[in-house]
Amino acid sequence: MTPHADHQPVLDDESVVVTSARVWNYLRGGNDDYLIDRNPVDEALGACPELPEVAVHSGRFVARALDHLVGRCGVGQVLDVGAGIPLGDALGSCTHRIAQRINPAVRVVYVDTDPLVLASCRALCCGDTGRGPVSAVEADVRDPRELLRRVERVLDLAEPVVVVAAHVLTHLSHEGAAAVAQGLVTPLATGSYLVVAEPMAGLQGEPVQAALDAMAAFGAPAAYARTLLEVRELLPGLRHLDPGVVPVSWWRPDQPVEQEPFVPALGGVGQRMPRGWWR
């Protein structure tokens, strides 16, 4: 699988820099990206041709997680951190549409620092009326305390929240990512959930890091693949929902796991439990 081959260059301007959101958009088959974003991806595909599958299956993993957490667990609030550019329904529906198909009253907040992402999310939100509030908030994931303060205008943090952090912590060192994950979940109410997805290191994951390095050499933001243990450490003190941290295509798939491809990205969901729950 390769990104959309018929994609035409949109802009080639030296004032434009590569962004993670537009790179991810290209990998997922979207159209909100520039030539400068596509060049790093095309270079990286030589090291890891599975990159588009990583993007697509990570999106499907998040959709399945939301289906379970909103539909079966009854959580009524979703915080999508590092949301990225939303895609149309044909390419994989965006977070608030997934959640509100299950429960129209769900509150959703998108968080990002990229002006294009924020503008795209706000434009999309304006078209969906008669449902729970949907907002786009500018905040930096590296400062989780301030991030949570800003989203309190829409979300009630005294009630459970689903926090989605898919391929956003990958731009931080492992120590930094673990600290951010801790900062995101510790202030939340018992019964909240953290959904994480990260590119995979180790075993068959070495080409992934090579691909990430190749993209960085072409101007994309630095990114780091994670081992299984490292991704588990991004769910600090949480109860891991079955099947634990696994390749994203194997997390509660719609068909038997044996029929799903191996994708070099890891995903997992953790639930914040009462203090001392493991005793």
Does Glu53 meet the test of being assigned to a helix (DSSP H, G or I) and under 18 Å from the mean Cα position of the chain (by Cα)? yes
For segment 178-221, give me each residue that is under 17 Å from Val54 (Cα atoms) and surrounded by fewer than 23 Cβ atoms within 10 Å (Cβ to Cβ). Ala201, Gly202, Leu203, Gln204, Gly205, Glu206, Pro207, Gln209, Ala210, Asp213, Ala214
Exactly one of Val151, Val106, Val163 is at pLDDT 90 or above, farther than 27 Å from Arg226 by Cβ, surrounded by 14 or more Cβ atoms within 10 Å (Cβ to Cβ) and not small (Gly, Ala, Ser), and that one is Val106
For Ala201, which of the numbered conditions (1) more than 24 Å from Leu69 (Cβ to Cβ); (2) touching a strand residue (DSSP E or B) at 6+ places or on another chain (Cβ under 9 Å); (3) of a type outside the set (Ser, Thr, Tyr); (4) touching a residue at least 40 places away in the same chain (Cβ under 8 Å) fails to hold? (4)
Being over 19 Å from Ala55 (Cβ atoms) and either part of a helix (DSSP H, G or I) or in contact (Cβ under 8 Å) with a residue 40 or more places away in the chain (or both): is that true of Leu235 here? yes
Out of segment 217-249, which residues are touching a helix residue (DSSP H, G or I) at 6+ places or on another chain (Cβ under 8 Å), under 25 Å from Ala44 (Cα atoms) and among the aliphatic types (A, V, I, L, M)? Ala217, Ala220, Ala222, Ala223, Ala225, Val248
Can you pull out every residue in segment 171-204 that is under 16 Å from the mean Cα position of the chain (by Cα) and farther than 17 Å from Gly270 by Cβ? His171, Leu172, Pro199, Met200
With among the small types (Gly, Ala, Ser), surrounded by 17 or more Cβ atoms within 10 Å (Cβ to Cβ), under 30 Å from Asp213 (Cβ atoms) and in contact with a strand residue (DSSP E or B) (Cβ under 8 Å, 6 or more places away or on another chain) as the only criterion, which of Ala47, Ala139 stands out? Ala139
Selection count where residues are in contact with a helix residue (DSSP H, G or I) (Cβ under 7 Å, 6 or more places away or on another chain) and within 30 Å of Met215 (Cβ to Cβ), scope segment 147-164: 3
Does any residue of segment 222-230 turn out to be touching a residue at least 24 places away in the same chain (Cβ under 8 Å) and over 22 Å from Val269 (Cα atoms)? yes
If we keep just the residues of segment 76-90 that are of a type in the set (Gly, Ala, Ser) and modelled with pLDDT under 80, which is surrounded by the most Cβ atoms within 10 Å (Cβ to Cβ)? Gly88
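The values are calculated or read from the model by the stated rules, or taken from the named source; none is laboratory data. Computed from a predicted structure; not experimentally measured. FYI the Cβ positions are ideal-geometry reconstructions off the backbone, even for glycines, and counts take in every protein chain you see.
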